[in-house]
Every structure is written in structure tokens, then in C-alpha cells.
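The values are calculated or read from the model by the stated rules, or taken from the named source; none is laboratory data. Predicted, not measured: the structure shown is a model, and the values here were computed from it. So basically every Cβ, Gly included, is an ideal-geometry build from the backbone, and we count neighbours across all protein chains shown.
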Amino acid sequence: MARNLLKLGQGVVVWNRSADKCGPLVAEGCVAVATPAEVVARCDLTFAMLSDPEVAAAVALGPDGVLAGITAGKGYIDMSTGAGCRPAFASCGAESRPCCSVAPLNLTLPSPCAPSGR
């Protein structure tokens with residue numbers, strides 16, 4: 001996704017639990033930061049793609065996590081495997097903050113293999 005955004009001329013800020021994995025993206029034009037809080041502080045819209053709900057919750061709710069850096073007007077889209085951080089956000093009281101609401105995002109995209117009906 002980061003490479004596709006770069007191809008469209010978008011500025012991209014990246015973070016990874018293994019910082020060295022950001023190297024190739026930085027070489028292509030991304031900016032790497034040290035924490036998830038820094039990502040959401042610098043970006044209007046942040047996408048997360050993590051391996052499981054526990055990791056997603058740690059990234060979202062940890063001391064330097066998303067919730068520590070997000071402010072009103074920012075968007076955080078968790079595309080992690082499983083339920084992502086949604087259950088953890090809901091159970092930690094994140095929605096009591098003025099800048100936070102937690103809602104499922106169900107996207108239905110047209111399949112390129114779907115019959116066209118013609």
C-alpha cells in the first residue's frame with residue numbers, strides 16, 4: 001500500500017515494529033518515524049496492517065501507541081488480521097475521548113472476476 005500511495009504522489013510516513021523493515025520504503029521516498037504515536041500525529045489518515053488482534057491492540061493502546069498521538073480530525077483505519085484493535089479500543093474507554101469513535105468498516109469491492117451481467 002505504501003508504494004502505491006507513493007506512486008500517486010502522496011507523502012507516506014511509515015513505522016514498523018522492526019525498524020529495519022522500513023529501510024526499503026525510506027529509500028523509495030517514505031519517511032520513517034519511531035512510534036505509532038508519531039505516525040498519527042503527522043498524518044491525517046493512518047492505516048495499520050498488523051499480524052493479529054493482540055499486536056494491533058498493543059500498537060493502538062501502548063504508551064507510544066496510536067491513542068497517545070491521535071487528535072481530533074485524524075483517522076485511523078486498522079486493517080489488521082482478525083478484529084484488529086477494535087475490541088481493545090472499545091473496552092479501554094477510547095470512545096470517551098472527544099476525538100475517538102470506534103466503528104466497523106465493512107468494505108464491499110467489486111470483484112474483477114464477477115460476472116458483468118451482460
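For L45, the conditions (1) modelled with pLDDT of 95 or more; (2) loosely packed, with under 12 Cβ neighbours inside 10 Å are fulfilled apart from (1). All conditions in (1) in the same structural domain as Q10 (by TED's automatic domain parsing); (2) assigned to a loop (DSSP other than H, G, I, E, B) hold for S51, with the sole exception of (1).
I'd like to know if region 73-82 contains one or more residues that are at pLDDT 90 or above and over 12 Å from the mean Cα position of the chain (by Cα). No. Looking only at region 2-55, residues that are out of contact with any Pro (no Cβ under 8 Å at 6 or more places or on another chain) and aromatic (F, W, Y) come to 1 in all. Only a single item in (1) touching a Leu at 6+ places or on another chain (Cβ under 9 Å); (2) modelled with pLDDT of 95 or more is not met by L67, and it is number (2).
Scanning region 1-28 for residues that are without any contact (Cβ under 8 Å) to a residue 24 or more places away in the chain, touching a Gly at 6+ places or on another chain (Cβ under 9 Å) and either surrounded by 13 or more Cβ atoms within 10 Å (Cβ to Cβ) or polar (S, T, N, Q) (or both) returns L5, V12.
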